[in-house]
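Let me begin by presenting the structure, written as structure tokens, before commenting on it.
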Amino acid sequence: MYLSDFDLQQLDEQTLKELPAEQKDALLVKLLWDLQEARERLKASSQTSSRPPSSDAPWQGGLSEAQRSEESESANAADQAPGNEELEAGERSAETSGEPKPSEGASTEPVENKPKKPGRRVGAPGHSRQLSLPISDTIWHRPETCVRCGQVLEPEAFIARTGLYVLDVESTAGDGLQGLQVRHDKHLYGEISCSCGHVNRTEPGRCPAEPMWEVQLSEWHLVGPMLLSLIVCLSQRMRLSRRRIQEFLHDWLGVWLSTATINQCIHEAGRAVEPIEEQLVEELQQASLAYVDETPWKEWGQLLWLWVITTPTVCLYFIGYRSQEILANVFDEGFTGWLMSDGYQVYRQFRHRLRCWAHLQRKAKGLKDSLNGEARAFGQATDALLNDLMKAIYQAREGPPRDLIAQFQDRLDAFARLCEQHRDSTHEKTRALAREFLNDWEAIWIVVAHPHLPLTNNEAERALRHWVIARRINQGTRTEQGSRVVALLASVIDTCRKRNILPWPYLAQVVAERRKGNPAPPLPAAG
Ligand SMILES: [Zn+2]
């Protein structure tokens, strides 16, 4: 429990001097914690992390300021402090009402146009679509002990100052997510005056501003952590547009949220999970084998790449340029594991590199069907060699580890000579494949010496498939922040799935803690 601005305003040198020794000690301890915490935070925000500063961050797009501010407005618009109002304004009916339904038939794009006017319309007239949900519970946030003197406070002396309505979902079946039901809670914050004169106040939590993020992360929010997690699931996992999510929540849960609020929730979730990326990067650097792949991604018409780097327990995504930087940022020089990739040249810097055979095999098969005689012969030879080696590799995996190089040395030497013969072939695809083998010789055949290593990059390709479909539906993202959110949420969701952890309660937990201004709970090792 840290001191609020309101507490600090009431404390001065004189108060400290006059406090009895015991109370002074207790207060000093609180002040010390607070100072340490503040320093830590200061350090964390000024430190250059394992990635470069945002000016040249790999996920950074090239948007104009105007485009950026448009998105941030739409991400922030409406419900900055939804469901919250001074009690004097009187109790309003369930917040699920708030806004009238936006006009139909507009864009099917996931990111909605910015609403006419940000912020909730307090006291807006009722609307025919308005739903009212009864209050499930009133939750009192009372200060328990006095910040100054440490005395236990009288709960009866609590004066409510702020009421906050929160919509959330909870499971009726205990663990897991089965039997979802909607909660509509009224949270009361206020103060208790201590006999020592100090006024102790509670208020909803808030994560301090972070330069990268324009979206707020705070408990001043209509949407509770679990409902927010459900929205993320519908968006990122079920690939629903904002408007479809709106429809789903309305039809199935009787909850009506504006598409701007839904968008804001998804961005807030992305911001909440950002610290977990650091954890995943660190774990990845320890991996003995990682798979990497990339696929085109559009951000406001600009061509970027969605990268995935995956191991048996981590799945990390980035959206950025197709450059070496992105890999250099993830794998520092300490990475000693194997890296499985396609033939793209940025991977050539890695010492322990593996090449996906599926790509080579496809190319060999293509040549086999060629009308050109030279191409056909080279394709046949390549395909036969790969097939025989694969059979031997599968066989070797059944037994104790062994090196197959000696057994195939003569054939590999012969194949090297064959590639040399075709290096300058007039047939373009033959020439390209021959050169690809020669350029990547080590990376391609290293698996013959280590048959337990993978032959294909299926792991990474499978991870990207979901997002390739999402890209087709949503046409990519519109802003740099939107791209960050997609990558961050994808990393957390897919890593959870790899670890057999249900992502949604974990995500809700992260959001709940971060909204209080606390650190994100680390992603558990395995479920
Ligand atoms: Zn007191």
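The values are calculated or read from the model by the stated rules, or taken from the named source; none is laboratory data. Bear in mind that the values here come from a model prediction, so they are computed numbers and not experimental data. When we count neighbours, we look across all protein chains shown, and the Cβ atoms used for this are built from the backbone with ideal geometry, even at glycine. When the accessible area is computed, the model is the full protein with side chains, heavy atoms only, and any ligands, DNA or RNA have been set aside. Shrake-Rupley method; radii C 1.70, N 1.55, O 1.52, S 1.80 Å.
The gain in end-to-end length when the Arg497 to Asp369 segment is fully stretched comes to 42.0 nm, 0.36 nm per residue minus the alpha carbon separation.
Do any of Lys365/Lys391; Lys298/Lys429; Lys365/Lys498; Lys298/Lys516; Lys186/Lys516 go past 24 Å between their Cα atoms, and which? The answer is Lys298/Lys429; Lys365/Lys498; Lys298/Lys516.
Taking amide H as placed 1.01 Å from N in the peptide plane, the amide H of Leu354 sits under 5 Å from that of Leu339, Met340, Ser341, each at least 5 places away or on another chain. Solvent-accessible area per residue in the range 180-319 equals 32 Å², computed with a 1.4 angstrom probe and all protein chains kept.
The amide H of Cys315, built 1.01 Å from its N in the peptide plane, has Thr495 as neighbours under 5 Å, considering only residues 5 or more places off or on other chains. Take 7-18, 462-473 and order them by the average number of nearby Cβ atoms within 10 Å per residue, most first; the result is 462-473, 7-18. At an R0 of 22 angstrom, the distance between the Cβ atoms of Trp252 and Thr172 translates into a FRET efficiency of 0.90. Per-residue packing, averaged as other Cβ atoms within 10 Å, sorts the ranges 314-320, 492-498, 393-399, 250-256 into the order 314-320, 492-498, 250-256, 393-399, beginning with the highest.
Phi-derived couplings, Karplus 6.51 cos²θ - 1.76 cosθ + 1.60 at θ = phi - 60°, listed residue by residue for the range 269-277: 4, x, 4, 4, 8, 3, x, 5, 4 Hz, with x used for Gly and Pro. Using the Karplus relation 6.51 cos²θ - 1.76 cosθ + 1.60 with θ = phi - 60°, the per-residue 3J(HN,Hα) values for the range 292-301 come to 9, 7, 8, 9, x, 9, 10, 10, 6, x Hz, with x marking Gly and Pro. If you take the Cα centroid of the range 309-359 and the Cα centroid of the range 130-176, the two points sit 48 Å apart.
What is the calculated FRET efficiency for Gln9 to Gln302, with r their C-beta to C-beta distance and R₀ = 51 Å, to the nearest 0.05? Show your work: numbers first, answer last.
Values: r = 47 Å, r/R0 = 0.93.
The computed FRET efficiency comes out at 0.60.
Each Lys or Arg adds one and each Asp or Glu takes one away; over the other residues whose Cβ falls under 11 Å from the Cβ of Ala449, this sums to -1.
Checking every one of the GluC sites (Glu not before Pro) in the range 302-386 against DSSP loop status and a limit of 11 other Cβ atoms within 10 Å picks out Glu333. In this calculation the C-beta distance from Gln151 to Arg39 is compared with R0 = 25 Å, giving a FRET efficiency of 0.30.
This model, with +1 at the C-beta of Lys and Arg and -1 at the C-beta of Asp and Glu, gives the range 232-357 a dipole about its Cα centre of some 500 debye. Using the heavy atoms of the protein chains and a 1.4 angstrom probe, tell me the accessible area per residue for the range 476-527 in square angstrom. For the range 476-527, the solvent-accessible area averages 32 Å² per residue.
Within the accessible area of the range 176-245, what % is carbon and sulfur when the probe is 1.4 Å and the other protein chains stay in place? Intermediate results must be reported in sequence, preceding the final value.
Working: 1280 of 2630 Å².
So the carbon and sulfur contribution to the accessible surface is 49 percent.
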